[in-house]
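Since the structure comes first, as structure tokens, the remarks are kept for the end.
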Ligand SMILES: [Zn+2]
């Protein structure tokens with residue numbers, strides 16, 4: 001797998017990615033995998049020889065926050081950041097925000113967590129070198145993270161690359177899970193289009209391998225789902 005020197009994927013069971021993003025003051029952990037991923041994440045950080053100083057969550061699904069509590073216990077005082085809308089889902093508060101689509105439905109596992117986020121993110125915020133972009137649809141408040149140094153886009157489940165690059169707006173027959181767990185597919189498609197417009201140099205999804213120069217594949221995925 002080729003990837004940026006700033007980005008280290010931590011793959012758990014070949015299915016769910018967490019990422020370690022190198023910053024001058026340490027590592028940012030993006031997503032925490034399923035429960036039981038703590039040792040694999042810590043081993044990857046140890047190989048990089050730097051402390052984890054921040055945790056950022058792309059969205060509140062259980063396979064992305066499963067080891068949040070274990071990691072937060074391991075790292076007292078660590079910054080924990082998530083989009084404000086999905087932060088409510090960490091406490092299993094499923095009340096809608098005003099103006100959300102009436103045909104949206106919570107799907108997939110919202111397992112919740114005991115850890116209270118220390119930072120609630122909004123589009124345009126920065127977490128180290130990562131710029132926060134809205135990516136709702138798969139969950140109501142999913143965020144994507146663009147590394148402004150090299151335009152790596154960590155996209156959560158807005159796209160997956162397992163079984164080919166696909167949006168979460170339409171099931172990919174080879175890996176339908178992200179679409180089947182999606183809150184509102186039309187919103188997910190709009191987010192996929194918005195993220196494509198960022199012209200990322202590298203796509204780092206929640207499921208599947210990191211893809212270099214993903215533009216054409218993202219275009220095809222959008223066309224497939226449109
Ligand atoms: Zn998800």
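The values are calculated or read from the model by the stated rules, or taken from the named source; none is laboratory data. Note that the structure is predicted; figures quoted are calculated from it, not measured. Using ideal geometry, Cβ is built from the backbone for each residue, glycine included, and neighbour counts are taken over all protein chains shown.
Do we have residue 221 as surrounded by 24 or more Cβ atoms within 10 Å (Cβ to Cβ), in contact (Cβ under 8 Å) with a residue 24 or more places away in the chain, under 24 Å from residue 65 (Cβ atoms) and in contact with a strand residue (DSSP E or B) (Cβ under 8 Å, 6 or more places away or on another chain) here? Write out each step before concluding.
On the way: surrounded by 24 or more Cβ atoms within 10 Å (Cβ to Cβ): yes; in contact (Cβ under 8 Å) with a residue 24 or more places away in the chain: yes; under 24 Å from residue 65 (Cβ atoms): no; in contact with a strand residue (DSSP E or B) (Cβ under 8 Å, 6 or more places away or on another chain): yes.
So residue 221 does not fit the description; no.
Considering each of 74, 24, 79 in turn, give the residue that is more than 16 Å from the ligand (Cβ to nearest atom) and in contact with a helix residue (DSSP H, G or I) (Cβ under 8 Å, 6 or more places away or on another chain). Steps first, please.
Working: 24 fails: in contact with a helix residue (DSSP H, G or I) (Cβ under 8 Å, 6 or more places away or on another chain); 79 fails: in contact with a helix residue (DSSP H, G or I) (Cβ under 8 Å, 6 or more places away or on another chain).
Just one listed residue meets the conditions, 74.
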Completion exercise
Result of the Cβ filter at 8 Å on the stretch 128-149, keeping first residues that are at positive phi and within 13 Å of the ligand (Cβ to nearest atom) and partners that are at pLDDT 95 or above and part of a loop (DSSP other than H, G, I, E, B), at least 6 apart or interchain, is 137/158; 137/168; 137/169; 137/182; 137/183; 137/184
Handout entry: Residue match in the stretch 157-165 (condition: free of Cβ contacts under 8 Å to residues at least 24 places away in the same chain and under 23 Å from residue 55 (Cβ atoms))
Key = no
Problem - Counted residues, the stretch 138-169 - those being within 14 Å of residue 211 (Cα to Cα), out of contact with any helix residue (DSSP H, G or I) (no Cβ under 9 Å at 6 or more places or on another chain) and surrounded by 24 or more Cβ atoms within 10 Å (Cβ to Cβ) - result: 2
Exercise for the section: Output the number of residues of the stretch 38-67 satisfying the condition of being touching a helix residue (DSSP H, G or I) at 6+ places or on another chain (Cβ under 8 Å) and either closer than 25 Å to residue 160 by Cβ or within 16 Å of the ligand (Cβ to nearest atom) (or both). Expected result: 10
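Just for helices (runs of 4 or more DSSP H) wholly inside the stretch 43-137: which have at least 2 residues that are surrounded by 18 or more Cβ atoms within 10 Å (Cβ to Cβ) and within 16 Å of the chain's Cα centre (by Cα)? Spell out how you get there, then give the answer.
Working: elements: 62-65, 68-74, 84-90.
Answer list for the stretch 43-137: 62-65, 84-90.
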Practice task
Identify the single condition in (1) closer than 22 Å to residue 202 by Cα; (2) touching a residue at least 24 places away in the same chain (Cβ under 8 Å) that residue 117 does not satisfy, given that it satisfies every other one.
Solution key: (1)
Completion exercise
Scanning the stretch 191-201 for residues that are in contact (Cβ under 8 Å) with a residue 12 or more places away in the chain and over 8 Å from residue 137 (Cα atoms) gives 192, 193, 194, 195, 196, 198, 199, 200, 201
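Of the residues 171, 178, 205, which single one is within 15 Å of the ligand (Cβ to nearest atom) and under 25 Å from residue 119 (Cα atoms)?
Working: 171 fails: under 25 Å from residue 119 (Cα atoms); 178 fails: under 25 Å from residue 119 (Cα atoms).
None of the others qualify; the one that does is 205.
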